[in-house]
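FYI, it's all coordinate maths here, none of it is from the lab. Since the structure is predicted, the reported quantities are computational estimates derived from the model, not experimental observations. When we count neighbours, we look across all protein chains shown, and the Cβ atoms used for this are built from the backbone with ideal geometry, even at glycine.
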Amino acid sequence: MIKKMVGVVLFGSLLFAKVTNIPATTTFVEKKKMKIIDIRTKEEWIQMGIIKDAHLITFFDERYGYDTESFLKELDSVVEEAELFAIICNTGSRTKLISNFLGNKLDYNVVNLTGGMLKLLKEGFKPEVYNKSLQQEPIILKHPSEKMLKKEAEFQTPITETNSTK
């Protein structure tokens, strides 16, 4: 029941969006003056790479289940109250929902990086390989295939009763 209510709140927050939306650009992520929270899944971090020094905090799992309490606890350990920070996902669909929820319902100062990692990769951004242990030097990933980019560009993150429960 709680997850259904959170889904309604997340969707409803889109109607009253007051969040800053900035296109995800190579310049922004390389010269960032704020923390970037990458809300993609571990599989996406492995598959597409990560932004150097980004904080990796998954919101939705592979089946679009989520644990808002755990996400917020992790987020609060990374950002200070009233601190401006940015969030990114693969295409911007999930960050649109989450940024509006965080900014409008919970009063976080959040920037939604529109277009996500796919936009960055199309612009030639060179992500680092996801390596949880970080014991090796970063490896630059190759640009993803056009087929993969097309598939990701069609990605949608609807919140419905069936996919908002774990």
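A few notes on this one:
- With a simple spin-label model that places each label point 7 Å from the Cα along the Cα-to-Cβ direction, the separation between Ala82 and Thr26 comes to 3.7 nm.
- Potential extension, Thr68-Asn109 segment - 0.36 nm per residue separation minus Cα distance: 13.0 nm
- Of the trypsin sites (Lys or Arg not before Pro) found in region 51-111, those that fall in a DSSP loop while having at most 13 other beta-carbon atoms within 10 Å are Lys52, Arg63.
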